[in-house]
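First the structure, in the form of structure tokens, and then the observations on it.
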Amino acid sequence: MADKLIKIAYLYEDLMNTYGDSGDVKILRFLLKREGYDTQIDNISLGDKFDAFDYDFVFFGGGQDFEQTVVAKDLPRHKETLEKYINSGKPMLTICGGYQLMGSYYKTNSGVTIKGLDILPLHTIFKSDKRMIGNTRYMTEWGEVKAFENHSGQTYFDDKNKLHPLGDMISGYGNNPQDHEEGLRYRNFIGSYSHGPLLKNTNVANAVVAMILDWHKQRVGQKEKVAE
């Protein structure tokens, strides 16, 4: 039954899946099954058609510089649908490289600038002298999170009135060494540097499941109205 099927779009699963990021989707599938829902996971990769509003949740994991460069060339095709989806408050989780590509640009170690989608006012600069790696702890609105980070890209918000951090650092680096903040929360969009995966923290996972189910009920209801 359509009302019991959750559809998840996994953007570039074959290219952007470092440090166990696919575990986030597996955890969601487990938790949703516990709630009585089946899950369909679609890998949206190079050249594929994609309408974010066909899905109850969008996930975008991390990748190395080379993979990010490849993905960045294909990604602009989806800017319009993702921008509308994010700004209308639909649930999306991005990790590391996926998080960075939602901003205006990512400047690599070689000085090459990878253009992002420029949906959110942030940018990232690779700094080879500061590898941010290790276990992290930070406090979110849902309680404490424990995770793992491994990145040299330092992310900065360009509009702090619009964007808010996912959490305040207890230990580790998060977005950058200066701000002592981890990730991004904008409406129901979450960006994070937390691998491990992030959603092994069930407090965050349960919050994301609630977002998914709320949007799913709206989406199914809209379809039923159209069918009448």
Across the range 108-124, the tally of residues that are at negative phi and surrounded by fewer than 16 Cβ atoms within 10 Å (Cβ to Cβ) stands at 5
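Can you tell me which residue within the range 48-67, out of those that are at pLDDT below 95 and out of contact with any strand residue (DSSP E or B) (no Cβ under 6 Å at 6 or more places or on another chain), is surrounded by the fewest Cβ atoms within 10 Å (Cβ to Cβ)?
Of everything passing the filter in the range 48-67, Phe66 is surrounded by the fewest Cβ atoms within 10 Å (Cβ to Cβ).
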Matching residues, the range 153-178, being under 15 Å from His123 (Cα atoms), outside any loop (DSSP other than H, G, I, E, B) and not β-branched (Val, Ile, Thr): Gly153, Gln154, Tyr156, Phe157, His164
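To keep it simple, each residue is scored yes or no on (1) basic (Lys, Arg); (2) more than 27 Å from Ala205 (Cβ to Cβ).
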| position | (1), (2) |
| --- | --- |
| Ile125 | no, yes |
| Glu141 | no, no |
| Ala147 | no, no |
| Thr155 | no, no |
| Asp158 | no, yes |
| His164 | no, no |
| Gly167 | no, no |
| Arg185 | yes, no |
Count of the range 152-186 residues which are in contact with a Gly (Cβ under 8 Å, 6 or more places away or on another chain) and of a type in the set (S, T, N, Q): 2
Could you tell me which residue of the range 13-46 is nearest to the chain's Cα centre (by Cα), considering only residues that are assigned to a loop (DSSP other than H, G, I, E, B) and modelled with pLDDT of 95 or more? Ser45
Taking the options Phe126, Phe157, name whichever one is farther than 15 Å from Gly183 by Cβ and of a type in the set (Phe, Trp, Tyr). Phe126
Yes/no for Gly103 being crowded, with 22+ Cβ neighbours inside 10 Å, closer than 18 Å to Ser194 by Cα and either in contact with a Lys or Arg (Cβ under 6 Å, 6 or more places away or on another chain) or of a type outside the set (A, V, I, L, M) (or both): yes
Please verify whether Ser88 is at pLDDT 95 or above and either of a type outside the set (A, V, I, L, M) or crowded, with 16+ Cβ neighbours inside 10 Å (or both), treating the condition exactly as stated. yes
Looking at Phe66, is it part of a helix (DSSP H, G or I) and hydrophobic (A, V, I, L, M, F, W, C)? yes
Taking the range 173-228 and keeping residues touching a residue at least 60 places away in the same chain (Cβ under 8 Å), in contact with a strand residue (DSSP E or B) (Cβ under 8 Å, 6 or more places away or on another chain) and surrounded by fewer than 15 Cβ atoms within 10 Å (Cβ to Cβ) leaves Asn203
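The values are calculated or read from the model by the stated rules, or taken from the named source; none is laboratory data. Quick caveat: nothing in here was measured; it's all calculated off a predicted structure. No Cβ is skipped: glycine too gets one built from the backbone with ideal geometry, and neighbour counts run over all protein chains shown.
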